Every structure is written in C-alpha cells, then in structure tokens.
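The values are calculated or read from the model by the stated rules, or taken from the named source; none is laboratory data. Keep in mind that what you see is a predicted model, and the values were worked out from it rather than measured. Counting neighbours? That spans all protein chains shown, and the Cβs are built from the backbone with ideal geometry, glycine included. SASA here: full protein model, heavy atoms, side chains in, ligands and nucleic acids out. Shrake-Rupley method; radii C 1.70, N 1.55, O 1.52, S 1.80 Å.
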Amino acid sequence: PLHVLGQVNRSFTCTSKKLHELPNISPLVSSVEETPEPIPTTVKGTIPTWIHGSLLRNGPGKFEFGNHYNHWFDGMALMHRFQIEDGQVMYRSRFLRSDSYKQNSERNRIIVSEFGTLALPDPCKNFFQRFLSRFEMIKPTDNASVNFVKYKGDYYVSTETNYMHRVDPDTLESKQKVDWSKFIAVNGATAHPHFDPDGTAYNMGNSYRNKGAFYNIIRVPPERDGPEDNLEGAKILCSIAPRDKSKPSYYHSFGMSENYVVFIEQPIKMDLFKIVTGRLRGKSLNEGVYWDPNQETTFHLIDKQTGKEMPVKYHAKALSTFHQINAFEQDGFLMLDMCCSDDGQAINNFLVQNLRQSGEALDEMYNTMSRPLPRRFVLPLNISSETPLEQNLNTRPDSTATAVCRTKNQVFCTFEDLHGEDLKDYGGLEFPHINYARYNTKPYRYYYGCGFRHLVGDSLIKMDLESKKFKVWRQPDLYPSEPVFIPSPNAEKEDDGVILSVIITPVKDKSTFLLVLDAKTFEELGRAEVPVNIPYGFHGVFNSSA
C-alpha cells in the first residue's frame, strides 16, 4: 500500500479515463446502533504509548425515521470517541440528542427538514391544516453532524445552521443547545473555525436582513467569564455584501493567514427566493443551491486587527472549494492553498440513493463528477495606484501561479498545482490536514488528505510540497476517513508524529479500525479493531489529555 510518486504503480487508471466496476459502498451510508458505554478494541501492531487523548469524530449515523433521508448530509449526528492511553484504545459512540433527533424518534417520522429532505406534513392533521403548513418557513435543523469545534475550552458539535451543541468530550453526552443568533446577528456559522495561537477563534456566518444577505466574519475571544459563558463576547468583525444579495454564495469554510481572514466567494449560489418558498413548492433546501459556471470566484481579504475589508479584490475563474489547506504571508504575498474543483455540482450529487448505487449507474455517477485537486493562489498584497496593469505580479521563483492587475482594485489570478500529474491516478485529494498547531498561517512543507477513487475517500496521502512527491496508504475495500496529525513529544521536524484515521469496509461486518501511521514514513504502526459498524463520517479533532 505504500508508494512514492516517482515509483507509483502505473497500472492505476488515470481519472481522465473512465473508471469501471466501482465496488458498492452502500453499507458505509447505512444506519448503525450507538455504543454509549466504552468497549475495548483489539490492537494489532503497536500504538505509541506517548499518545494520550481522544480522537473525536462526527458524521451521520441514522438515515431513516419511517421514511428515508434523501441526502448524505441529512443523517442524524453520531459522535465517536477513540480514547488512546498506554498503547490501548477504547471506543464509544452516541447519537447527538438534538431536538431533531428526539422529535423524529418520538414520532418515528421525519419531523424536522434537513438539507436534502423536506419533512412532510403530519398525516394526522386534516387537509386544511396540512395545506396551511406548506406556508410555514422551514425551521433550521439542530442536527449538528459535521464537526467537533472548540470555543473557550469547550467542545461543541456543529453543522452550518445557527445551532451547535456543547458536549462532554469524555462521555459524548449532549449538554447544551447553543444558538449563535442569541449572541450576534448571524443565521449560522461554518463547522470549520480557525484559531490564533492565543485561542481566539474566527468563523463565518450569513445574516439575512431587509437589504438582503451579508457574509459576516465572526471573532470569539479565548477566555471564559464564568461557568455559564459559552459564546459571550463574540463579535462580528466585518460584514461583506454579496455580489447578488438575493443569491449569496454557499461556503463550507474559509482561509486565514496571520493578518487576514480570506473569504472565497464561489459560484455555488443559494437562491434565497427558492429556499424561502421551498415548503410551499414541496422542495427541500438543496433545491435552491446551484452552480453558476459563468461567474468568477472572488477572494475577499479582511484585516483581522481592524476588521476592514481590503479594497483590492482578487478574482479567479469559476471554481468550487470545500476545504482550505493553509494560508500564509511571505515577501509581500499571501499564499492561499486549497482543494478545488472546476465544477460545483458535487454538493447535490451526494444523495443517499447515489451513494447506494452499484454497477453501471455507480460508475456513471462517479465519472461525471469533477475531481478535487490541491492548488495554490498567490495574492500580491502591496497593490497601489503605481502597480502596473496587465503584467504578472507574482515574482516568486518556481511559481507558475499568476496575478495580473486588471484595474487598480481588481487582480485576476490563476493557480499553480500543489501536486504532480500522478495524484490524478488517486482521484485527487480532499479532507486536507496539516500540522495545524505549529504550521497554520506559516510556510509549511507537508499536507495530508484522502484520495478519492470513489465517491468517498479510498486512500490516505501525504504530499511533500518541495518535491511534489507523495506517499500513499491504500488497501482493497478499505475506506479511510479524514487524516488527523498528532505531533510527537519534543517534535523537531514538521512531520514528526502520527496520522490517525478511522478505516471502514463495506465487505465485512464489524470490521472498523483506528489506523495509526508514522507521519514521516507513512508506514503503518498499528491498528485498533472495533467490533462494531461505523458509517463513513465527516470531520474530527484530537483532544489531548497529556
């Protein structure tokens, strides 16, 4: 399973060609039972004894209440904890006791609408009541199934609505439902905040006002004022007007360098009229999200100290991005590294029925999708009235990215690839991760991610930015989750540490395991086998107890 770029097995099919006979992965998106009491795992190989803490993971774990959910993102949040101590691992999981989960469970019916599933009117109501219910606004879900996030030392599970849940990171018990809109005027926030070294958190959320939608940069202080304090002191650092206030961009995350928040306004658009009238028309939220390839992508830079949006806007061709890798400033430039696709249809492709397909239908589905690839944009920061127009301002050696002033406040950028052609053999890369604690907002050399030769990740990849060579862990019928980097004690090199990833398989029952790789060599150190089934999840964090 281990390859280096210069020695990659050429028998892999390049993704420019069509893939055939993709295996069925429907068990990876099937409902499971929770495991609320800790159970031991069986360790094979060696798990370093210096690892002290818990890998916390989040993702959908229940896909029906009477009726089936339509979209992968709709499944009820199932939280996982892999507790690692003295080379041993204990596992437990719990469903988030959200209002959505409790109401659905009580009625064994989908009561609360999700991203791709519209809750149908109660059949026990009379015709007139069911008719009137179509005129109600769709209430935002509190099914926080995307990530674990940390504010002021507390762990929350988060999605992209205005609701989060504070949870106990040891027991995974749901402690408190928290509404962003009670603290600041936003209608949601991403599940991917960024952090300054002092613990100050930054996030983004939309607000919807009489004058239309706005994008808002949020700052949350690192200190708590008391035991009941959660988001107290949160402030809107900056509000940004969309290009079209009735059709703002969808975004899943954002970039951050030492001095700037970078918001990527991409041409995945949300038609607010369609969303607001969705229930009346019998349509779910995702029906109002669409891709407009005729619009450019715009990068907005916001000064973290002043909260002011920089007057210069950076433009690029239409692209879609879900996750950024890193951003850093150097020699008057801001490097923005992220996983990009040239098509933004993907969000509406992850219907449960698509993920459960097999045969030719599955192959066709995969082959129509654009691959995510890691790319760098180089944004020149020192733009003035003297800056020459229509010439490449990127003077960095060995960089093929361009940045050309079209007007004094508008720069058009093209990217450089953060990979060689061979990465396409593995389906591109998503779920990127770096040594965040030491290298976020700083120049760095390595990033990690999942290769996607299927609709979900089927390999783990380590990329060396200096050589564009990579190492791969890949084994048949095994599907790794997002890699999480843990630095070793007294680490000197950037890749001194381990990679943790949860591995699942659709071909063998109860065969989940936690994989531990040496981050430097990318060779397997050990695995902890869990005797329960786990669905394919989204994101997680490591909670150190050292």
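Computed from the coordinates I sent, percent of Cα pairs over 34 Å apart equals one of (1) 50; (2) 37; (3) 41. Tell me the label. Answer label, from the structure shown: (2).
For Glu34, neighbours were defined as the other residues whose beta-carbon sits under 12 Å from its Cβ, and their charges (Lys and Arg +1, Asp and Glu -1) total +2. A simple count of charges around Arg224, restricted to other residues whose Cβ falls under 15 Å of its Cβ and scoring Lys, Arg +1 and Asp, Glu -1, yields -3. Here's the picture: charge each Lys and Arg Cβ at +1 and each Asp and Glu Cβ at -1 in segment 416-480, and of Gly457, Thr441, Gly427 the one pushed furthest to the positive end of that dipole is Thr441. Normalised by the number of residues in segment 253-366, the mean separation of alpha-carbon contacts (under 8 Å, six or more apart) gives a relative contact order of 25 percent. Placing unit charges on each Cβ (+1 for Lys and Arg, -1 for Asp and Glu) gives segment 222-316 a dipole about its Cα centre, and among Met256, Gly226, Ser239 the Cα reaching farthest toward its positive end belongs to Ser239.
Each Lys and Arg adds +1 at its Cβ and each Asp and Glu adds -1 at its Cβ; summed about the Cα centre, the chain shows a dipole of about 1380 debye. Among the GluC sites (Glu not before Pro) found in segment 189-278, those both in a DSSP coil and sparsely packed, with 10 or fewer other Cβ atoms within 10 Å of their Cβ, are Glu228. Accessible surface comparison of Ser239, Ser511, probe 1.4 Å, protein chains only, largest first: the order is Ser239, Ser511. The Cα center of segment 144-190 and the Cα center of segment 436-499 differ in position by 27 Å.
When only the Cβ of Lys, Arg, Asp and Glu is charged (+1, +1, -1, -1), the dipole of segment 389-497 relative to its Cα centre reaches about 320 debye. With every protein chain in place and a 1.4 angstrom probe, the accessible-area ranking of Trp291, Trp473, Trp50, largest first, reads Trp50, Trp291, Trp473.
Sparsely packed loop sites in segment 297-403 (the GluC sites (Glu not before Pro) outside DSSP H, G, I, E and B with at most 16 other Cβ atoms within 10 Å) comprise Glu386, Glu390. Split the accessible area of the chain by element, probe 1.4 Å, and carbon with sulfur accounts for 49%. Oblate is the label for segment 445-535, because the ratio a/c of its alpha-carbon gyration tensor axes (a ≥ b ≥ c) is 1.5 or higher and a/b is not greater than b/c. According to the square roots a ≥ b ≥ c of the eigenvalues of the Cα gyration tensor, what is the shape class of segment 179-327, taking rounded for a/c under 1.5, prolate for a/b larger than b/c otherwise, and oblate for the remainder? Since a/c reaches 1.5 but b/c is at least a/b, the shape of segment 179-327 is classed as oblate.
Basic side chains Lys and Arg get +1 at the Cβ, acidic Asp and Glu get -1 at the Cβ, and with that the dipole of segment 168-242 about its Cα centre reaches some 640 debye. The mean sequence distance of close C-alpha pairs (under 8 Å, at least 6 residues apart), as a share of the length of the chain, puts its relative contact order at 16 percent. Shape analysis of segment 401-501 places it in the oblate category; the axes a ≥ b ≥ c from the Cα gyration tensor give an a/c of at least 1.5, with a/b not above b/c.
Within the assembled protein chains, the solvent-accessible surface assigned to Leu118 is about 30 Å², based on a 1.4 Å probe.
Less than 21 Å apart at the alpha-carbon level, and either on another chain or at least 8 residues along: which lysines does that give for Lys304? Cα-Cα hits under 21 Å: Lys150, Lys152, Lys235, Lys313, Lys442. In this structure Arg281 has an accessible area near 100 Å², from a 1.4 Å probe over the protein heavy atoms. Accessible area per residue (1.4 Å probe, heavy atoms of protein chains only) ranks Phe350, Phe183 as Phe183, Phe350, with the largest value leading.
Projecting the Cα atoms of Pro535, Ser181, Phe82 onto the charge dipole of the chain, computed from C-beta unit charges around the Cα centre, puts Ser181 farthest toward the positive end. With protein chains left intact and a 1.4 Å probe, residues in the chain average 41 Å² of accessible area per residue.
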